[in-house]
Amino acid sequence: MKNKYTNILFITLLIILILTMIFSVGMVLNKFGVLLISNDINNRIKGYENEIPNLNKNINNVYLGISIDNFNIFRFTAFSVEYKNNYYLITSGHSITDKNKVIENIKFISNNCDTYIYPELLYFENDLYGYRDFAIFSDNKLSSGIVTDIGKDKLLYVFGNKYLNINIIRSYYSQTAQGESGSPIIDKDGEVVGIITTTNNEFYTPINLVIKEIDKVMQGQSYQK
């Protein structure tokens, strides 16, 4: 009997130890199988606060995107931008399509929120190697965004979402990770200059192409390919 209680106590302590280790590093799988590395963004951006203007604000404008096609779940990154007093959600075009057909079940959640949004798709292109791989969404719940820079400032940083096993901030010239498609490329002023589209840093979508399409959409001139 004593050995029985000893074994139960040992197993209980082992379970408590394992759970403590899991939560201590913040590794939790939600119902969609998304790996939460850590919800403490401040700890994950240490060392960058003095390098990147408006860092805390802009990190909160980065989103996890989830598209569900039949039984396939795709996870990627998106970000909101501020343009002409309006806000838009931007990601890569290939992240929301399957064989150039838009996946219908798409939702997003930001780094500073605990609820999903289901924005309206305004326009997309899926030309990965033609530097035109992007999607534009609109939603009245968007209330902030990263300022865009349509110039040719040096590409310095990539922002990521906090939900996947990717960096929240990394150098643009370091290795791209799975799930970073749609991430904003940031310059020295903390403004977005492009969109991550492939693991090859040679290819990305410049934000000025996206801005041109937003103007066309707002003027009713753009058409969906």
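Just a few scattered comments:
- Taking label points 7 Å from Cα along the Cα-to-Cβ direction, residue 165 and residue 13 give a separation of 3.1 nm.
- Ranked packing of 159-170, 61-72, most packed first, by mean Cβ within 10 Å: 159-170, 61-72
- For segment 108-129, backbone nitrogen atoms closer than 15 Å to the point 7 Å from residue 143 Cα along Cα-to-C-beta are found at 110-117.
- Lys, Arg +1 and Asp, Glu -1 on Cβ, resulting dipole of segment 40-218 about Cα centre, debye, nearest 20: 160
- The alpha carbon gyration tensor of segment 40-218 gives principal lengths a ≥ b ≥ c with a/c below 1.5, which makes the shape rounded.
- Distance between the pseudo-spin-label points of residue 98 and residue 175 (7 Å out from Cα toward the beta carbon): 2.9 nm.
- Across segment 68-91, the residues whose backbone nitrogen lies under 12 Å from the label position 7 Å along the beta-carbon direction of residue 116 are 68-69, 73-75.
- Annotation: amide H of residue 69 within the under-5 Å range of 74, sequence separation 5 or more or interchain, hydrogens built in the peptide plane.
- Length gained on full extension, residue 70 to residue 218, computed as 0.36 nm times the residue gap minus the Cα-Cα distance: 50.0 nm.
Laboratory data are not the source of any read-out in this text; all were calculated from the coordinates shown. Just so you know, these numbers come straight off a predicted model, no measurement behind them. Ideal geometry is used to build each Cβ from the backbone, glycine not excepted, and the neighbour counts take in all protein chains shown.
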